[in-house]
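Contents: one structure, followed by commentary.
Read-outs throughout are calculated quantities, based only on the coordinates presented, and are distinct from any laboratory measurement. The shown structure was predicted, so the numbers you read here are calculated from the model rather than taken from an experiment. As a convention, Cβ positions derive from the backbone with ideal geometry for all residues, glycine included, and neighbour counts pool all protein chains shown.
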Amino acid sequence: MMKRLLKEAVRMDVHFIINEQAGDGKGAKLWANLRLNTSYPFHLTERRNHAEELAWRLAKQTTVSLLIIVIGGDGTIHEVLNGVAGYPHVTVGVMKAGSGNDFARTFPAFNSLQEVESYIAIEPANRKTVDFGSVKLSASHQRYFASNCGFGLDADISLAVGQSTIKKTLNKWKLGSIVYALTVARSLLAFKPFNATIQMDSDTRIFENVWMITVSNQKYYGGGMKISPHSIYDDGEFELTIIHSISVLKFLAVFLTVFNGSHTKLKGVSTYKSDQFIIETDRVVGCHTDGEYIGTTTNQSVICEVDQRKWFVADKSIV
């Protein structure tokens, strides 16, 4: 009875989007426990990009304040944010169920239904306004990101991790982060560095023997690696990290220090800040957004920039 009265007292719709496959079953397990105690509408994902479709439909069908709780990992969150960007009445909250959960390192997740109830009882809702990124590989191929996008070895690793046959086994033993480290070593041996020209504001720089380029809006990726320790998610700019002009052994040294963010002090690691980066590569390289492989560069310039739209995440720290 008290729960019903609480829901009537607030003017916020609440929907759950659940990826039961996240974390190799963590999503299903978490939702099975929560479902016994909630009557909120829920939507189960059935395929790749389905979470984006679900979020977009929910966002466009109402103008009432809407809280979408995502049960899943970084990939599911990435899809939902792509669906709700540009809808200021929508707030996204997270209950983490992935293997990496990098998003939740910056934006604290809800841990219980009680925390959700406490959050929606506050009016107006406390939420953070977050920058949104756009990466255009070609005139017909554009994708968006919430945390980061990457080119080169960065993207090859994302593709390999997604296709890993041992990831499920390691996740069962809570060792999913090891997959990333193992994949780095294997991908490193097969990767061939490339050259890149990067334009930022009025400055143009040329880099040789590039291993990877990452454009970040928050600090973490890859299961806790602090790739961009100085990123601020709401300052209207992104940070570009480029690793170049070093040997394989030196790259491994950089990799070991990326967990605490000290890699930015090493020779061969350059960082820049801007609201737009125009990137040209001398060969085709892979690209990812929020750890999801999206394809490759072409012979055209890649434009990576802060999008005019914003998205909004629940600030449960005040609850």
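Put simply, the convex hull of the Cα atoms in the chain casts, on average, a shadow of 16.2 nm².
Computed per residue of the chain from DSSP H runs no shorter than four, each worth -39500 (n - 2.57), the mean residue ellipticity at 222 nm is -8000 deg cm²/dmol.
Ordering 47-54, 219-226 by mean Cβ neighbour count within 10 Å, with the highest value first, yields 219-226, 47-54. Across the chain, C-alpha contacts under 8 Å between residues 6 or more apart give a mean separation that, scaled by the residue count, equals a relative contact order of 21 percent. At a Förster radius of 45 Å, what calculated FRET efficiency corresponds to the Cβ-Cβ distance of V64 and T296, to the nearest 0.05? The pair V64/T296 has a calculated efficiency of 0.65. Helix 50-60 and the longest principal axis of the Cα set of the chain meet at an angle near 60°. Taking θ as phi - 60° and the Karplus parameters 6.51, -1.76 and 1.60, the scalar couplings of segment 302-316 work out to 9, 10, 10, 8, 6, 6, 5, 6, 10, 9, 10, 10, 5, 9, 7 Hz in sequence order, x denoting glycine and proline.
Distance between the 7 Å Cα→Cβ label points at K192 and V284: 1.3 nm. Taking 26 Å as the limit for the C-alpha separation, the pairs K136/K310; K226/K250; K26/K192; K136/K265; K267/K310 exceed it in the case of K26/K192; K136/K265; K267/K310. Estimated at 0.36 nm per residue, the fully extended path between N126 and R205 surpasses their Cα-Cα distance by 24.3 nm.
Taking the Kirkwood radius as the inverse of the mean 1/r across Cα pairs, report the Rg/Rh of segment 2-125. Computed over Cα atoms, the ratio is 0.94.
For G93, the residues whose modelled amide H falls within less than 5 Å of its own, excluding neighbours fewer than 5 places apart on the same chain, are I68, I69, V70, A314.
Neighbour counts of C-beta atoms inside 10 Å place L256, L188 in the sequence L256, L188, starting with the fewest. Annotation: extensible slack from L249 through H141 equals 35.4 nm (criterion: 0.36 nm per residue apart, minus Cα-Cα distance).
Electrostatic bookkeeping for D154 treats Lys and Arg as +1 and Asp and Glu as -1; over the other residues with beta carbon under 13 Å from its beta carbon, the sum is -3. In a simple Cβ point-charge model (Lys, Arg +1; Asp, Glu -1; nothing else charged), segment 133-308 has a dipole of about 1000 debye relative to its Cα centre. When the alpha carbon gyration tensor of segment 38-87 is reduced to an equivalent ellipsoid, its three semi-axes come out at 16, 14, 10 angstrom, largest first. Putting +1 on Lys and Arg Cβ atoms and -1 on Asp and Glu Cβ atoms, find which of G86, I68, T197 reaches farthest to the positive end of the dipole of the chain. Comparing the listed Cα positions along the dipole, I68 ranks first. For segment 133-308, a/c is less than 1.5, where a ≥ b ≥ c are the root eigenvalues of the C-alpha gyration tensor. That puts it in the rounded class.
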